[in-house]
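Colleague: Take a look at this one; I'll ask things after.
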Amino acid sequence: MAETFDSYRSTYETVVQNSIAFSGLKHDFFLEAKIVQLAALFARHFGECRPSLLDLGCGVGRMHPLLKPLVTDLAGSDVSRESLERARLDNPFADYREDEGGRLPWEADAFDATLAVCVLHHVDPAWREAFITEMKRVTRPGGLVIVIEHNPFNPLTRLAVARCPFDADAVLLKNGEARDRLANAGLRYVEARHFLIAPTLAPWAQAIERRLERLPLGAQYIASGTV
Ligand SMILES: C[S@@+](CC[C@H](N)C(=O)[O-])C[C@H]1O[C@@H](n2cnc3c(N)ncnc32)[C@H](O)[C@@H]1O
């Protein structure tokens, strides 16, 4: 896994862009859609306080310039050393530490929130609960554990995954599995919301998406639970 993503250190965006080219949308659109979801979740959970955040499986840290204004402190971790080296160069404001698999290099309760974006589908199903349990360990009581994943019910998502070379090993998980894994790891108030139904972030589209977010229609979903 680490070697696979090491080899995409400089080409990560191009490879993602090629796999979604059929949609006519840019990679940045998908990043911004995730930021909209995270901003809404943080506002619901933390109110006006910004959380400290660990982004686990952060890769080259492509989302971090967009995440920075939403958080007080930003940390990232990944098994791919090469990806982290690029993340450090691009985002000197963040604290990046290598994940050697197993225990994360942070103390218990270190963060208000932990996040894993499109990582769990690369983790062997047998290890997914342990992965989430480790996220929970470094999240303080009352904090949030958040997972953003591809929605396998969406045919365009499946097409994009099929076209992406580093997703050759991907085993997609339905929102029900994500919710079960979070609950089994001991998280409370577990929920999942789908997004990316419409190819625009216009307010009218967001309003429609919010009404439909419990249905497995959107290209991705955000699942979360409270420690
Ligand atoms: C598809 S990329 C997503 C990168 C980033 N989260 C994003 O959304 O742009 C998946 C990342 O997960 C990392 N990864 C896979 N298994 C991991 C694990 N067990 N622990 C930490 N990182 C992992 C890979 O090295 C890779 O950087």
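None of the figures in this text is laboratory data; all of them are computed from the coordinates on show. Note that the coordinates shown come from a computational prediction; the quantities given were computed from them, not determined experimentally. Neighbour counts run over all protein chains shown; Cβ positions are idealised from the backbone, glycine included.
Colleague: Dividing the Cα convex hull volume of segment 5-65 by residue count, how many Å³ per residue is that?
Modeller: 95
Colleague: What shape does segment 162-227 have by the C-alpha gyration tensor, where a ≥ b ≥ c are the square roots of the eigenvalues, rounded means a/c under 1.5, and otherwise prolate means a/b greater than b/c and oblate the rest?
Modeller: In terms of gyration-tensor shape, oblate.
Colleague: Taking only DSSP H segments of four or more residues, each worth -39500 (n - 2.57), what value at 222 nm results for the chain once the sum is divided by all its residues, to the nearest 500 deg cm²/dmol?
Modeller: Calculated mean residue ellipticity at 222 nm is -11000 deg cm²/dmol.
Colleague: Here's a follow-up. Can you give the Rg/Rh ratio of the chain, where Rg is from the C-alpha atoms and Rh is the Kirkwood radius?
Modeller: Looking at the chain, the ratio lands at 0.92.
Colleague: Most exposed first by the Cβ proxy, i.e. fewest other Cβ within 10 Å, how do F29, F166, F22 rank? Don't skip to the answer; put the middle values down first.
Modeller: Numbers: F29 15, F166 18, F22 11.
Going from least to most buried by this count: F22, F29, F166.
Colleague: Under Stokes-Einstein, with the Kirkwood radius over Cα pairs standing in for Rh, what whole-number D in µm²/s applies to segment 115-227 at 4 °C and 1.567 mPa s?
Modeller: For these conditions, the coefficient is 89 µm²/s.
Colleague: With +1 on the Cβ of every Lys and Arg and -1 on the Cβ of every Asp and Glu, and nothing else charged, how large is the dipole of the chain about its Cα centre, in debye rounded to the nearest 20?
Modeller: Working: 26 positive and 30 negative charges, 159 e Å.
That gives the chain a dipole magnitude of about 760 debye.
Colleague: Find how much the distance from R140 to A126 grows on full extension, using 0.36 nm per residue of separation minus their present alpha carbon separation; answer in nm with one decimal.
Modeller: Computed gain between R140 and A126 is 2.5 nm.
Colleague: Testing the spin-label approximation: label points 7 Å from Cα along Cα→Cβ at L217 and A2. State their distance in nm.
Modeller: 4.3
Colleague: Going down the table (K26/K174; K68/K174; K34/K136), which pairs top 23 Å between alpha carbons? Show your work: numbers first, answer last.
Modeller: Details: K26/K174 25 Å; K68/K174 29 Å; K34/K136 21 Å.
Over 23 Å Cα-Cα: K26/K174; K68/K174.
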